[in-house]
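Trainee: This is the structure, below, for whatever I ask next.
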Amino acid sequence: MIEVKQLSKRYGATVAVDGLSFTVEPGRVTGFLGPNGAGKSTTMRAMVGLDRPTSGEVLIDGKRYDQLAHPLRQVGALLDARSLNGGRTVRGHLQGLALSNRIPAARVHEVLDIVGLAGVAGKRAKGLSLGMSQRLGVAAALLGDPQVLLLDEPVNGLDPEGILWIRGLMKRLAADGRTVFVSSHLMSEMALTADHLIVIGQGRLLADSSVSEFIDRN
Ligand code: ADP
Ligand code: ADP
């Protein structure tokens, strides 16, 4: 479970997130909906400690990200700002992550199969198409077999087959009892993917309800 508590983040004069509070429950896909600039990425970066909140906090299973014993085994994240390490191969990138997070090397092969990248494991990660690098990002997020998954606009840059694949994957992960939190600026995407919705605008909470209730009310 993820608890966002009175989260605020300011960048100079810009208030990106403004006193946001909500919880994300396990066992379902929770969509995080809002227009561009609403504060979704900022909130998700705060969840994995990439951004220090101006005030408030985010707890994952009761702890702040920097207090988790095995962060990558507890939370997997696909975020915009992911940077790929220079000349590494696809496999090498995942092996580096596994090593620094005490994840068994055999898991690298499992996740390459899950995301359909086994055939390009020896290619340079930097040379991948956008769709393939999204899959590599998903592989990194799944590497530690975490119970909590954060995906920031995961369908961006994916081809139609990739979009269907990621939707199915998120549903399977949620059906498995995991916490799946996925952002999008498109209601149409959320209607196809999410069970529950957190809607924000200008850094503030606008709705916290099931997708069907949200559609009925709007
Ligand atoms: P979303 O993910 O919903 O598109 P963001 O969290 O990326 O929204 O951005 C929220 C607001 O914060 C926007 O006004 C954006 O311009 C601003 N912002 C985000 N990151 C930074 C940053 N590193 N420096 C300055 N302003 C930022
Ligand atoms: P290394 O330098 O050994 O490859 P790092 O710990 O520096 O390992 O991280 C490598 C990559 O993993 C970075 O691009 C980073 O964005 C990404 N990453 C960090 N935290 C997570 C996470 N919780 N889930 C998925 N990927 C992550």
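The values are calculated or read from the model by the stated rules, or taken from the named source; none is laboratory data. Predicted model, so just to flag it, every value in this text is computed and none were measured. Note: ideal-geometry Cβ built from the backbone for every residue, glycine included; neighbour counts use all protein chains shown.
Trainee: Which residue out of 128, 99, 136, 150 is within 16 Å of ligand 1 (Cβ to nearest atom) and either without any contact (Cβ under 8 Å) to a residue 60 or more places away in the chain or buried (at least 22 other Cβ atoms within 10 Å of the Cβ) (or both)?
Mentor: 150
Trainee: Examine segment 17-37 for a residue that is within 16 Å of ligand 2 (Cβ to nearest atom) and closer than 29 Å to residue 175 by Cβ, and state whether such a residue exists.
Mentor: So far as segment 17-37 goes, yes, one or more of its residues are within 16 Å of ligand 2 (Cβ to nearest atom) and closer than 29 Å to residue 175 by Cβ.
Trainee: Please give the number of the condition residue 65 fails out of (1) within 13 Å of residue 3 (Cα to Cα); (2) at pLDDT 95 or above.
Mentor: (2)
Trainee: Ok, one more. Please verify whether segment 40-59 includes one or more residues that are surrounded by fewer than 20 Cβ atoms within 10 Å (Cβ to Cβ), of a type in the set (Ser, Thr, Tyr), more than 16 Å from ligand 1 (Cβ to nearest atom) and modelled with pLDDT of 90 or more.
Mentor: Checked segment 40-59: no residue is surrounded by fewer than 20 Cβ atoms within 10 Å (Cβ to Cβ), of a type in the set (Ser, Thr, Tyr), more than 16 Å from ligand 1 (Cβ to nearest atom) and modelled with pLDDT of 90 or more.
Trainee: May I pose another question? Which of the residues that make up segment 1-15 are outside any strand (DSSP E or B) and under 29 Å from residue 169 (Cα atoms)?
Mentor: 1 - this is the single residue of segment 1-15 that is outside any strand (DSSP E or B) and under 29 Å from residue 169 (Cα atoms).
Trainee: Right, something else. Within segment 69-87, can one find any residue that is acidic (Asp, Glu) and within 17 Å of the chain's Cα centre (by Cα)? Show your work before the answer.
Mentor: Applying the first criterion (acidic (Asp, Glu)) to segment 69-87 yields 80.
Pick out the ones that are also within 17 Å of the chain's Cα centre (by Cα) and you get 80.
Yes, segment 69-87 has at least one match.
Trainee: Give the residue that is modelled with the lowest pLDDT, with candidates limited to residues of segment 68-84 that are surrounded by 14 or more Cβ atoms within 10 Å (Cβ to Cβ) and within 15 Å of ligand 1 (Cβ to nearest atom).
Mentor: Among them, the one singled out is 82.
Trainee: In addition: Exactly one of these conditions fails for residue 185: (1) surrounded by 21 or more Cβ atoms within 10 Å (Cβ to Cβ); (2) closer than 22 Å to residue 76 by Cα. Give me its number.
Mentor: (1)
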